[in-house]
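Readers should treat all values here as calculations from the given coordinates under stated rules, not as data from a laboratory. For clarity, every value in this text was computed on a predicted model and none was experimentally measured. For neighbour counting, all protein chains shown are included, and Cβ atoms are generated from backbone atoms with ideal geometry for every residue, glycine included.
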Amino acid sequence: MSSHRRPVLAANWKMNLGPAEAESFLDGFVARYEPRDDRTVILFPSALAVAAVRQAIQPRPDLRLGVQNVSTEQKGAFTGENSAAMAAGAGASFVLVGHSERRHIFGETDVQAAQKCVRVVENGLVPVLCVGETIEQRERGETGEVVLHQLRAGVSMLNHEAIREMIVAYEPVWAIGTGRTATPQDASDVHLVLRAALAGLVGENARGIPLLYGGSVNAKNASSLLAAAEVDGLLVGGASLDPVQWAEICSSSVQRIT
Ligand code: PEP
């Protein structure tokens with residue numbers, strides 16, 4: 001059984017909140033969000049704010065730490081990059097891989113996503129593999145094909161055990177940072193396709209792999225998305241930058257994954 005069977009609420013701060021801002025965010029957030037044992041909350045700060053966040057959440061072991069990206073390489077002359085080993089040493093437990101901004105702004109490929117997943121797992125961390133279609137692909141009816149390709153490519157270098165322990169996030173590109181959210185039905189349609197593909201890879205164990213939805217989630221729509229079939233959690237960008245709203249999202253009613 002996966003160790004991540006509980007619903008997951010993950011905050012992707014992107015290139016926002018430096019160390020001092022992260023500290024003041026956490027002051028506000030922890031005052032509003034009590035530890036709960038029926039969900040996992042993960043923060044993905046900028047790499048430069050990881051140490052400050054680690055320090056600030058020390059009294060709150062219920063809050064988990066991740067990084068937004070790692071290198072495909074283990075170490076060496078790669079100016080500006082951070083390795084998965086460094087992320088582990090800095091206290092991270094999770095790594096976003098293949099976020100649509102990495103794919104579409106920085107040209108990250110499926111092969112690189114696969115290599116990053118390997119680095120992440122090799123260093124004892126959990127990859128959160130992001131997949132999602134563009135609006136053009138959706139309008140051409142290619143959503144299923146696109147997300148399945150990204151999923152299969154992303155996990156292609158992992159063994160079954162690693163796949164069972166990972167997290168997958170469905171983030172339609174047209175919904176990220178646009179204010180245009182997928183409906184709960186849109187999300188569950190794609191999550192069903194992803195779950196079936198994971199079952200094809202790891203059988204019954206696919207049930208324990210959290211499938212997160214991301215794309216313009218906010219405190220108003222979080223509960224209805226979390227109630228959708230096969231949606232096991234949320235990956236939140238913009239709305240996770242406000243400690244009050246993020247505390248509300250983290251307090252949304254959730255169902256245990258069965
Ligand atoms: C994200 O960046 O993962 C994301 C879902 O962003 P937003 O919530 O701002 O759409």
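Some observations on this one:
- Label-to-label distance, Ala196 versus His149, with points set 7 angstrom from Cα along the beta-carbon direction: 1.9 nm.
- Placing a label point 7 Å from the Cα of Glu142 along the Cα-to-Cβ direction, the residues of the range 84-106 with a backbone N closer than 15 Å are 104.
- Partners for Lys14 among lysines (Cα-Cα distance below 21 Å; same-chain residues under 8 apart left out): Lys116
- Length gained on full extension, Val244 to Phe78, computed as 0.36 nm times the residue gap minus the Cα-Cα distance: 56.0 nm.
- For the range 1-138, relative contact order (Cα pairs under 8 Å, six or more residues apart, normalised by length) works out to 20 percent.
- Its DSSP H runs of at least 4 residues, each contributing -39,500 (n - 2.57), put the calculated 222 nm mean residue ellipticity of the chain at -11500 deg cm²/dmol, to the nearest 500.
- Computed magnitude of the charge dipole of the range 125-258 (debye, nearest 20; Cβ of K, R +1, Cβ of D, E -1): 160 debye
- Rounded to the nearest 20 debye, dipole of the range 54-174 from Cβ charges on Lys, Arg, Asp, Glu: 420 debye
- Candidate aspartates and glutamates for bridging to Lys220, where Cα separation is under 17 Å - those fewer than 8 sequence places away on the same chain excluded: Asp242, Glu248
- Gyration tensor verdict on the range 182-258 (Cα atoms; rounded if a/c is under 1.5, prolate if a/b is larger than b/c, oblate otherwise): prolate
- In terms of packing, defined here as the mean over residues of other Cβ atoms within 10 angstrom, the peptides 198-204, 110-116 line up highest first as 110-116, 198-204.
- 24 Å tail of the calculated P(r), the chain, as % of Cα pairs: 42 percent
- Each part reduced to its alpha carbon centroid, the range 33-98 and the range 187-258 end up 20 Å apart.
- Using C-alpha pairs under 8 Å with a sequence gap of at least 6, the mean separation divided by the residue count of the chain gives a relative contact order of 23 percent.
- Dipole of the chain computed with +1 at Lys/Arg Cβ and -1 at Asp/Glu Cβ about the Cα centre; of Gln58, Val254, Gln150, farthest Cα towards the positive end is Gln58.
- Dipole magnitude for the chain: about 340 debye, using +1 per Lys or Arg Cβ and -1 per Asp or Glu Cβ, origin at the Cα centre.
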